[in-house]
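Visitor: This is the structure I want to talk about, given as structure tokens.
The values are calculated or read from the model by the stated rules, or taken from the named source; none is laboratory data. Keep in mind it's a predicted model, so treat the numbers as computed, not measured. Neighbour counts are summed over all protein chains in view; Cβ atoms, including those assigned to glycine, are modelled from backbone coordinates with ideal geometry.
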Amino acid sequence: MKNLPLHWKIMIGMVLGVLFGLGMTQWDNASTPEIHEGAKFIKDWIYPFGEIFISLLKLIAIPLIIASLIKGIADLEDISKFSAIGGRTIGIYILTTLIAVTIGLGIVNIVKPGTGISKETLDRLVEANQTDKSAAENVEKKIMTAKNTKSSGPLQFIKDMVPDNIFAAASKNGDMLKVIFFTLFFGISLLLVDKEKAAPMKAFFDSLNDIVLKMVDLIMLISPYAVFALLAQVIVSAADPEILFNLLQYAMTVLFGLLLMIGFYMILVYFFTGRSPIGFLKAIAPAQLLAFSTSSSAATLPVTMERVEEHLGVEKEVTSFVCPVGATVNMDGTSLYQAVAAVFICNALDFDLTFADQLTIVVTATLASIGSAAVPGAGMVMLVIVLQAIGLPEDKFAVGLALIFAVDRPLDMCRTVVNVTGDATVAMLVGKSVGKLGEPKVQNWDDNYDAVK
Ligand code: ASP
């Protein structure tokens with residue numbers, strides 16, 4: 001067991017978590033089904049360990065971005081390389097997102113989930129959401145958040161990238177782009193000052209970077225136990241299987257699209273880098289498994305960066321920029337989901353979509369996924385903006401979201417895997433195109449979590 005590669009340990013933790021969660025739901029169904037003893041036990045005594053793990057990962061995200069980005073820029077011999085990295089990253093990110101939305105729209109228009117859904121099923125789905133108070137409140141909150149986002153001006157996005165206080169920005173994980181902006185500015189200025197003057201600062205960030213990466217290794221040692229806790233919680237808070245069954249066709253459509261996206265990444269990796277697509281997946285498997293367990297690209301970021309750099313061989317100059325920016329703006333899985341969900345809701349509510357509406361979905365789902373935060377459930381918030389753009393009446397938003405709410409968490413887990421895989425793919429493509437894709441420091445199946453050996 002001790003020598004088992006990490007991803008196997010994580011998988012075992014996940015399976016045991018699911019089984020434990022299922023066992024606990026049986027406890028719920030004893031003589032008093034309204035008292036959820038099992039769920040309460042997991043929430044009070046198991047889930048906190050998962051939450052602590054997520055906090056630890058988030059804790060090191062900002063120091064890791066700062067240290068590795070500064071080190072990455074400081075190691076660049078030529079500053080013009082940086083604009084090549086920046087331009088290609090943004091370009092490929094937008095392109096892959098557009099392709100994801102198009103795939104989503106293509107499949108949903110073929111499968112047509114939601115058409116012909118009976119009035120009773122519709123009512124049952126909405127009612128199930130309304131009787132669950134926290135679910136209903138959740139839907140309302142998502143609509144409100146989306147409306148607040150919409151009411152800001154068109155240049156808000158750019159304005160939001162420039163911090164007026166770096167300490168304030170670095171104190172919030174949601175302000176990752178602000179931190180990246182400051183760090184880039186700092187790193188470029190570091191390159192421009194006298195070499196002798198810059199040396200101590202460079203050495204400091206060099207050392208900080210190694211220390212933070214070691215922290216990632218240490219945190220990952222507890223990941224198998226943490227995913228156990230996270231998955232047990234997912235199972236006990238899942239909706240009634242009967243409700244899930246009604247949404248099966250819709251969920252399968254999203255899942256099929258997400259699988260196609262993974263296939264698409266593998267093709268890209270093979271054709272543009274010549275690397276084995278299976279080796280690519282094996283190398284990033286721990287990041288994917290964590291994305292699945294946490295539903296958050298931001299929480300997974302430290303592991304994504306480590307895997308891309310050490311197990312795929314993408315040099316720090318590229319990884320340190322492409323991965324954090326990707327975690328914030330590149331969400332192919334989310335955009336694909338938003339396209340499918342928008343059409344599903346319209347089908348179910350008998351709201352006809354024209355070809356122009358479908359084009360609107362392509363544009364708005366792309367933008368909405370860029371604007372989605374890298375946290376659980378954020379994709380559903382921004383879905384409201386897509387629904388708004390295609391003209392679904394406002395009074396139907398709550399019903400629309402209530403329809404899909406029951407399966408949102410499992411779909412969120414899967415789309416986050418795609419989001420993270422997309423970031424790793426683009427890091428490889430950009431790395432290759434600027435000559436910064438080397439041999440992996442650690443062979444794919446070997447882990448370097450040797451921190452306590
Ligand atoms: N949970 C997703 C992520 O963190 C965002 C979403 O689609 O809700 O990447």
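Visitor: Name the residues in segment 302-323 that are more than 16 Å from the chain's Cα centre (by Cα) and among the hydrophobic types (A, V, I, L, M, F, W, C), would you?
Guide: Result: Leu312, Val314, Val318, Phe321.
Visitor: Within segment 286-297, is there a residue that is more than 16 Å from the ligand (Cβ to nearest atom) and in a helix (DSSP H, G or I)? Reasoning before the result, please.
Guide: Residues of segment 286-297 that are more than 16 Å from the ligand (Cβ to nearest atom), as a first pass: 286.
Right, trim to in a helix (DSSP H, G or I) and you get 286.
Yes, because at least one residue in segment 286-297 is more than 16 Å from the ligand (Cβ to nearest atom) and in a helix (DSSP H, G or I).
Visitor: Still on this structure, please answer the following. Looking only at residues in segment 120-141 that are of a type outside the set (Asp, Glu) and closer than 16 Å to Ile345 by Cα, which one is modelled with the lowest pLDDT?
Guide: Applying the first criterion (of a type outside the set (Asp, Glu)) to segment 120-141 yields 121-122, 124-126, 128-131, 133-136, 138-139, 141.
Okay, now just the ones that are also closer than 16 Å to Ile345 by Cα, so 121-122, 124-126, 129, 139.
Details: Thr121: 79, Leu122: 80, Arg124: 75, Leu125: 75, Val126: 77, Asn129: 71, Val139: 82.
The qualifying residue modelled with the lowest pLDDT is Asn129.
Visitor: Restricting attention to segment 204-226, does a residue exist that is of a type in the set (Gly, Ala, Ser) and over 30 Å from Ser134 (Cα atoms)?
Guide: yes
Visitor: Limited to segment 402-415, what total is found for residues that are away from the ligand (no atom under 16 Å from the Cβ) and closer than 19 Å to Ile99 by Cβ?
Guide: Residues that pass the stated criteria total 0.
Yes/no matrix, rows are residues, columns are (1) in contact with a strand residue (DSSP E or B) (Cβ under 8 Å, 6 or more places away or on another chain); (2) closer than 26 Å to Leu230 by Cβ; (3) among the β-branched types (Val, Ile, Thr):
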| residue | (1), (2), (3) |
| --- | --- |
| Met252 | no, yes, no |
| Gly279 | no, no, no |
| Lys282 | no, yes, no |
| Thr304 | no, yes, yes |
| Glu309 | no, yes, no |
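Visitor: Something else now. Of the residues that make up segment 47-68, is at least one part of a helix (DSSP H, G or I) and touching a Gly at 6+ places or on another chain (Cβ under 7 Å)?
Guide: No.
Visitor: Moving on to the next point. Considering Val384, Val418, Val375, Val399, which residue is surrounded by fewer than 24 Cβ atoms within 10 Å (Cβ to Cβ) and within 13 Å of the ligand (Cβ to nearest atom)?
Guide: After applying the criteria, what remains is Val375.
Visitor: Continuing with this model, one more query. Among the helices (runs of 4 or more DSSP H) contained in segment 177-256, which hold 1 or more residues that are touching a residue at least 40 places away in the same chain (Cβ under 8 Å) and exposed (fewer than 15 other Cβ atoms within 10 Å of the Cβ)?
Guide: In segment 177-256, 195-220, 241-246 are the helices (runs of 4 or more DSSP H) which contain 1 or more residues that are touching a residue at least 40 places away in the same chain (Cβ under 8 Å) and exposed (fewer than 15 other Cβ atoms within 10 Å of the Cβ).
Visitor: Name the single residue that is modelled with the lowest pLDDT among those in segment 142-167 being part of a helix (DSSP H, G or I) and in contact with a Phe, Trp or Tyr (Cβ under 7 Å, 6 or more places away or on another chain). Don't jump to the end; show me each part of the working.
Guide: Step one: of segment 142-167, the residues part of a helix (DSSP H, G or I) are 142-150, 156-159, 166-167.
Subset that is in contact with a Phe, Trp or Tyr (Cβ under 7 Å, 6 or more places away or on another chain): 143, 166.
Working: Ile143: 83, Ile166: 93.
Looking at the filtered set, the residue picked out is Ile143.
Visitor: Right, Phe321: among the aromatic types (Phe, Trp, Tyr), within 16 Å of the ligand (Cβ to nearest atom), touching a Phe, Trp or Tyr at 6+ places or on another chain (Cβ under 9 Å) and part of a helix (DSSP H, G or I) or not?
Guide: For Phe321, the condition - among the aromatic types (Phe, Trp, Tyr), within 16 Å of the ligand (Cβ to nearest atom), touching a Phe, Trp or Tyr at 6+ places or on another chain (Cβ under 9 Å) and part of a helix (DSSP H, G or I) - is not met.
Visitor: So how many residues does segment 386-424 have that are under 20 Å from Gly257 (Cβ atoms), in contact (Cβ under 8 Å) with a residue 60 or more places away in the chain and in a helix (DSSP H, G or I)?
Guide: The number of residues fulfilling the criteria is 20.
Visitor: Does segment 343-363 contain at least one residue that is surrounded by fewer than 24 Cβ atoms within 10 Å (Cβ to Cβ), in contact (Cβ under 8 Å) with a residue 60 or more places away in the chain and within 12 Å of the ligand (Cβ to nearest atom)?
Guide: Looking through segment 343-363, none of the residues is surrounded by fewer than 24 Cβ atoms within 10 Å (Cβ to Cβ), in contact (Cβ under 8 Å) with a residue 60 or more places away in the chain and within 12 Å of the ligand (Cβ to nearest atom).
Visitor: Only one of these conditions is not met by Ile110: (1) touching a residue at least 24 places away in the same chain (Cβ under 8 Å); (2) surrounded by fewer than 14 Cβ atoms within 10 Å (Cβ to Cβ); (3) hydrophobic (A, V, I, L, M, F, W, C). Which number is it?
Guide: Condition (1) is where Ile110 drops out.
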